[in-house]
Structure formats: structure tokens, C-alpha cells
Amino acid sequence: MTKKVSMTTQIVIAVVLGILLGAVFPAVGQHLKIIGDLFLRLMQMAIPVLILGQIIQAVSSIETKELTSLGGRTIVVFGLSSFLAAVWGILMAIVFKAGAGTDLSAASEVAVEAKEISFTETFLGFVPTNIFDALSSGTIVQIIVFALFFGVALNKFMSTHPESPLGKVIVDFNDVIIMIIRYVMIIAPLGIFALIASTISNLGLDIIGSLLSYLGVYALATVLFLGLWITLISVYVRVSPIRLIKNMKNMSVMALATTSSAITLPTAMEETQTKLGVSQRITNLVLPLGMSLNSNGSAMHMAITVMTISQMYQIDFSLAQIAYVAVAATIISLANAVVPGAGLVSLAIIVPQMGLPIESIAIFAGVEWFVGMLRTILNVNSDVYSAIVVAKSVNEIDYDIFNGRKNA
């Protein structure tokens, strides 16, 4: 039986072939841009309803009893850690100037300008005046805010009307939208091939150096942020950082190897109880919930990539715009964990929101597998760290298990 080639492998092959075609036959590569643009449009068309449905489902599925003090603590830890991850990514991109060595300002057919955003407009702009207008214009932040309100209201409604089919309808609707995304991702290798070929035709091979710089900065940002998490856990929970790293070794390796939070989840849940001593109650609440509501890696990925793209296009963001990137990356990370090709889709969501060319995301497809490794280990480990923090706050950590003095 012939083994099916994975989507990741197909994209890597597409990137290599696109680079070769763009470098050797630049005239041909330029004519492929329309295929790449078509792929980007197909990927964008379902994003607003995807975001709306996924967040409504995630919030409405939280059991009412979990929306109490324990649930509140969990959500606060999730929100704060994801926001700080986004801010950290922005700081690393600014300090190390991951995209400063490349000038794409003349590569776009139209002038690229950052959207002017004041602090007042930023925070007022989070709330839609009309959800249908937000959906039609693709204003993702407003869609997310409405979805959060809708999810909370639906949660309350379903608790008093358990016989209502509305919750199931939304789940089925989301499954259909995910199926649409899967169909579109079937042609992702062809779309990425066309985009890379046309990009290399216009820019040459110099762009490869910027990708390596970007990947190095992102890797450093991830390692340092994990170090900050480990330091916090060690001080707050009063445990050995070496022991913490050792007890999380298996789940960390699996996250890196599979680049999938979903595949790693069973191992993470088991070892959070049997090696870290977190109670079953906390583990069963925090880790599955963290799959949708706590994506430190995704938030950092979007933030650092947007800043890198802005540097490539010689755009300086104002403080208000940088704040918008941090907040937008944090809340957009709520919805992309379950999406096939999450890295590409998340960038397709946030990049246009900042007035940057959506075709710029094709540049990063070549390192998506490596980025996926970093994004996943930070997503998985931050979920476990959050569970430890919540467990400590309610005294539900067994230190004998953590220190290996007894079996769970």
C-alpha cells in the first residue's frame, strides 16, 4: 500500500519547487500569481463564519459549574499568558529586527500603508455596531467580541433549555465550515507553489535569508518565554525547575514531533496527573479548555510574524497599532487551534487587519513546519503550566507525586 504524503511534506515540496521555478524561470513564475491569489481568496472566504462559530461553540460548551471561581481563575490565567506571549513576540521582533534586512516596499502593486489607529479607536473598535457589517467587512476582532457574548448567552440558554437543538446546530455548522477549509487546504500545495514562484520571481533569493533570521528570532523568543514560565512555576509553586522540565519531557517531545496539540493532549493529561501531581479535577478542566482558549504559541506566532512583515515592508507601527497587534493576536488565537493549516489560516486572519498584503504570508510557508514545532510546544506546555498555577491556587497539587516519591 502506498503511503500517503502528508500535507506538511507536500507544502515543503511545493516551496522548494516554487523557489526553483521562480529563480530559474522568473517570467513563468510571474504568471502564476493569479493561482496563488485564488488560493488566498478561497482560504479567506470562510474565515469570518469560522471564527464566529468556533468561539461560540468553545464558550457555550463550558459547563455552567465550571464558569465559577475555578473557571474564572483558569480564564484569567489563559488570557494573561496569551497576551504576554503576544507582547513578548512583539518585543523580540522589535529588538532583533527579524525582517529589517529585506525591503519589500516596492514589491507590492499598490502602496502599503499601516492603518492609522488611535487608542480610543482601538478599544471602541473592538465592539461592533452591527455584527452583519462586521462579518461582511471581515473585522475579526468585532466578530470575536460578538461571539464571546453569544457564547455566554447560549451557555445560559442551553442550561435552562437542554432540549433545544440550537447547540447541536452550531456544532454541525462548524463541522461543515471546517470541511470547507479542508477542501481548500487540499490545493494549498499548488497555491503555495504559485505564490512562492511569483514571489521569488519578483524579489529574488534574498528573501531566504530573512526567513532564517525570522525563524531564529522566533525560536529564541519561544525558548526564553518557556524559561519565564518555568521560573514563575518554580517560584510560585516552590518546585525544582529541573524536576519540572524532566517531568514534562515526554509531552514536550511529542509536541515537537507531532506539531499537534490535539495528538499530544492525552499524554499531557495523563502526565500532568501522574508526574506533576495536579488533581484530576483541575487537569480535566484546564487542559481540554486550553486547547481552544489558551494558545500562547499561536498568539506569539501571529504577533512576531506581523511585526516581521511590517519591517519587510518598511512600515513603522505606532504604539496604538502595536497594542492592537497584541490584543488582536491574543483573541484571534482563541479560534485557530482546531483549523487545518492553522499557521497559514491565522496569518490570513490578522495580516489584512493591519493593512498588510495578504500575499506576504506565502513567504513564511517554507518554514511553517519548524514554526509549527515551536508553536505547538508553547501551546501544550503553557496549558500544563496554567493547570499547575490553577491547582496551586486551590491547593490541589500532590508534591509527593511531583517529586517522584509515590505513584499517582
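The values are calculated or read from the model by the stated rules, or taken from the named source; none is laboratory data. Treat the numbers as computed from the prediction; the structure is a model and nothing was measured. Don't worry about glycine lacking a Cβ; one is built from the backbone with ideal geometry, like all the others, and counts go over all protein chains shown. The area values use the complete protein model at the heavy-atom level, side chains included, leaving out ligands, DNA and RNA. Shrake-Rupley method; radii C 1.70, N 1.55, O 1.52, S 1.80 Å.
With the whole protein complex present, residue 359 retains an accessible surface near 60 Å², based on a 1.4 Å probe.
Among 405, 73, 238, 243, the sequence by solvent-accessible area, most first, with a 1.4 Å probe is 238, 405, 73, 243. Note on residue 163 and residue 394: with the Förster distance fixed at 25 Å, the Cβ-Cβ geometry gives a FRET efficiency of about 0.15. Each stretch of four or more DSSP H residues adds -39500 (n - 2.57); spread over every residue of the chain, this sum gives -23500 deg cm²/dmol at 222 nm. Between residue 187 and residue 152, the simple label model (points 7 Å from Cα in the Cβ direction) yields a spacing of 4.1 nm. The accessible-area ordering, largest first, of the residues 21, 256 stands as 256, 21, per a 1.4 angstrom probe.
Carbon-plus-sulfur fraction of the accessible area of the chain, 1.4 Å probe, in percent? Within the chain, the accessible surface is 66 percent carbon and sulfur. Which value, in Å², gives the accessible area per residue of the chain when a 1.4 Å probe is used on the protein heavy atoms? Solvent-accessible surface per residue comes out at 45 Å².
Over the chain, what is the mean sequence separation of C-alpha contacts under 8 Å (at least six apart), divided by residue count, expressed as relative contact order in percent? Normalised by residue count, the contact order of the chain is 33 percent. The Cα atoms of the stretch 5-44 give a gyration tensor whose axes a ≥ b ≥ c have a/c of 1.5 or more with a/b no greater than b/c, which makes the shape oblate.
A full extension of the chain between residue 231 and residue 369 corresponds to an added length of 46.9 nm, given 0.36 nm per residue minus the alpha carbon distance.
Stokes-Einstein diffusion for the stretch 138-271, with the hydrodynamic radius set to the Kirkwood value over Cα pairs and evaluated at 25 °C in a medium of 0.890 mPa s, equals 121 µm²/s.
Close lysine pairs were tallied over the chain: pairs 8 or more places apart or on different chains with Cα atoms under 17 Å apart number 7.
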